[in-house]
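Just below is one structure, and these are the notes that go with it.
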Amino acid sequence: LFTTQPVSESIALLQQS
Amino acid sequence: LLRDIARPVHSGIAGAFANDWLRAAFVEALVSDERLPDVITTRHDLDLMFCGQSSQVIAHGFNERLHVFEALEEVVEHLEAKADDIRSGQAAPTTVWFATPGDDADVIHQTIEYWAGLDLIALFHGNWSHGPNRHPQPA
């Protein structure tokens, strides 16, 4: 089981890193 | 996600939520995995995971931990050269490889065999004919 994440949220996480 | 998948070192990711799972694993590898893995994929696979927005991901760079190639052949050449470097003593972090096998499953499998004994996590979009498959479900 995993938590789904919208594409926009994934991109935001990557850009914040 | 990557800890769960670490053994065995290659797996197909299939089912309705495969793309969501792969994107989450990709983000984890670059953002929160303390091993600071190298991440390798193609622009095509990146566009699949990010619904056509690969350029927004590539632009970030990630201190050269992210390697995005145009063609699978380039990925295979890169991975074989890297395996040679590691075997000749060069230090390298875990490598996480995202690919879509399709008709290229045999080539991909040869590359995995080339990495035998080295630290590679290979995650494949769709059914993987040379190893285990997972069907992730959202919580």
Looking at segment B:49-65, which of its residues are within 10 Å of chain A (Cβ to nearest Cβ) and of a type in the set (D, E, K, R)? none
Yes or no: B:Leu118 more than 14 Å from chain A (Cβ to nearest Cβ), buried (at least 17 other Cβ atoms within 10 Å of the Cβ) and not polar (S, T, N, Q)? no
Only one residue in B:Ile108, B:Ile40, B:Ile13 is within 14 Å of chain A (Cβ to nearest Cβ) and either at pLDDT below 95 or surrounded by 14 or more Cβ atoms within 10 Å (Cβ to Cβ) (or both), so which one is that? B:Ile13
Failed item in (1) away from every other protein chain (no Cβ under 11 Å); (2) under 22 Å from B:Pro136 (Cα atoms); (3) not aliphatic (A, V, I, L, M), with B:Asp20 passing the rest: (1)
Any idea which residue in chain A is surrounded by the fewest Cβ atoms within 10 Å (Cβ to Cβ), counting only those that are within 12 Å of B:Asp20 (Cα to Cα) and facing chain B (nearest Cβ under 7 Å)? A:Leu1
Looking at (1) within 13 Å of B:Asp119 (Cβ to Cβ); (2) more than 13 Å from chain A (Cβ to nearest Cβ); (3) surrounded by fewer than 22 Cβ atoms within 10 Å (Cβ to Cβ), which is the only condition B:Leu79 fails? (3)
Filter segment B:23-37 down to the residues that are under 13 Å from B:Thr94 (Cβ atoms) and crowded, with 23+ Cβ neighbours inside 10 Å, then identify the one that is nearest to the other protein chains (Cβ to nearest Cβ). B:Ala25
Within segment B:121-139, restricting attention to residues that are aliphatic (A, V, I, L, M) and within 14 Å of another protein chain (Cβ to nearest Cβ), which residue is surrounded by the most Cβ atoms within 10 Å (Cβ to Cβ)? B:Leu123
Conditions (1) β-branched (Val, Ile, Thr); (2) under 20 Å from B:Ser129 (Cα atoms); (3) over 14 Å from the mean Cα position of the chain (by Cα) -> B:Val57 fails only (2)
For B:Asp33: the one exception among (1) acidic (Asp, Glu); (2) closer than 22 Å to A:Phe2 by Cβ; (3) part of a helix (DSSP H, G or I): (3)
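The values are calculated or read from the model by the stated rules, or taken from the named source; none is laboratory data. Keep in mind that this is a model prediction, so the values were computed, not measured. We place every Cβ from the backbone using ideal geometry, glycine too, and count neighbours over all the protein chains shown.
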